[in-house]
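Report on the following structure.
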Amino acid sequence: MTYCLGIITHTGIVMAADSRTNAGVDYISTYQKLFDFSHPGERVILVCTSGNLSMTQGVISGLNKDIKVGADINLHNLPSLYEIARYIGSKIRAMVDLDQSWMKKDGIDANCNMLLGGQIKGQEPELFLIYSQGNCIQATLETPFLQIGETKYGKPILDRALTFDTPLEAAAKCALLSIDSTMKSNISVGPPINLVMYETDSLVIKNRLLLRLGDPYLAQMRKMWEICLKEAFGRIPDINWQQNSGKETAEEIIID
């Protein structure tokens, strides 16, 4: 399993991914899942991958090959990020169609998903989630983040703390907390963690990190977050067991 996420704000994009891949407890490995296909000064293109490793490696290899040989359609000549998302989707679909029938015979899941984030010169930054079927969805002002892989443990912090107006540095911290929360609850997600922060209209990646197991900042963040959660939990009033005990009430309380 893996966990990757992308965040888009009014000032840029954050992409983050773990590096753990497993095929059972006896087959734990480390593989890169965040890839930079940028052409500095012209376009920034970041891709995160999850799902079947042979499928994702095949797709990434195909994307690199098309750039290298100057194919008529490649990541560096398509005119919009949406068209790039559809192009990547077609690569995924072709790879799945090629091998899926054979993999099904052994009960192997051939599905994979990808995140695409970046900006083309003269256009706004965008963030997409691309499915195995080749279709895609785009992050919005109302939902400024997308996730793939083991998403459930890292989603609450994103739902509660993140908006489109969140400062970019804060969004990067939120991404790390989301991944750390996932690592805390699921051993199939683990370091090294790749983190990239892109500033709108810079058209170059200036901020990137590779956080390994035992990284001082990662350890400090986890400790501080746990302390803050425990302190906040301790400040919550005790339950009033007598309030409306056994009584029906016409008033409905809406929890946002």
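What to note about this one:
- Exclusive hit being aliphatic (A, V, I, L, M), in a helix (DSSP H, G or I), out of contact with any Phe, Trp or Tyr (no Cβ under 7 Å at 6 or more places or on another chain) and closer than 27 Å to residue 10 by Cβ, set 221, 197: 221
- The strands (runs of 3 or more DSSP E) falling completely within the range 1-72 that include 2 or more residues that are surrounded by 18 or more Cβ atoms within 10 Å (Cβ to Cβ) and more than 16 Å from the chain's Cα centre (by Cα) map to 43-51.
- Residue 157 being among the β-branched types (Val, Ile, Thr) and not in a loop (DSSP other than H, G, I, E, B): yes
- Where residue 218 falls short, out of the listed (1) closer than 24 Å to residue 45 by Cβ; (2) in contact (Cβ under 8 Å) with a residue 12 or more places away in the chain: (1)
- From the list 185, 178, 202, the one residue that fits, being at pLDDT 95 or above, among the small types (Gly, Ala, Ser) and closer than 20 Å to residue 19 by Cβ, is 178.
- Matching residues, the range 73-82, being under 23 Å from residue 16 (Cβ atoms) and assigned to a loop (DSSP other than H, G, I, E, B): 75
- Subset of the range 137-178 (residues that are among the aromatic types (Phe, Trp, Tyr) and more than 12 Å from the chain's Cα centre (by Cα)): 153, 164
The values are calculated or read from the model by the stated rules, or taken from the named source; none is laboratory data. None of these values were measured; they are calculated from a predicted model. Cβ coordinates were reconstructed from backbone atoms using ideal geometry, including for glycine residues, and neighbour counts include every protein chain displayed.
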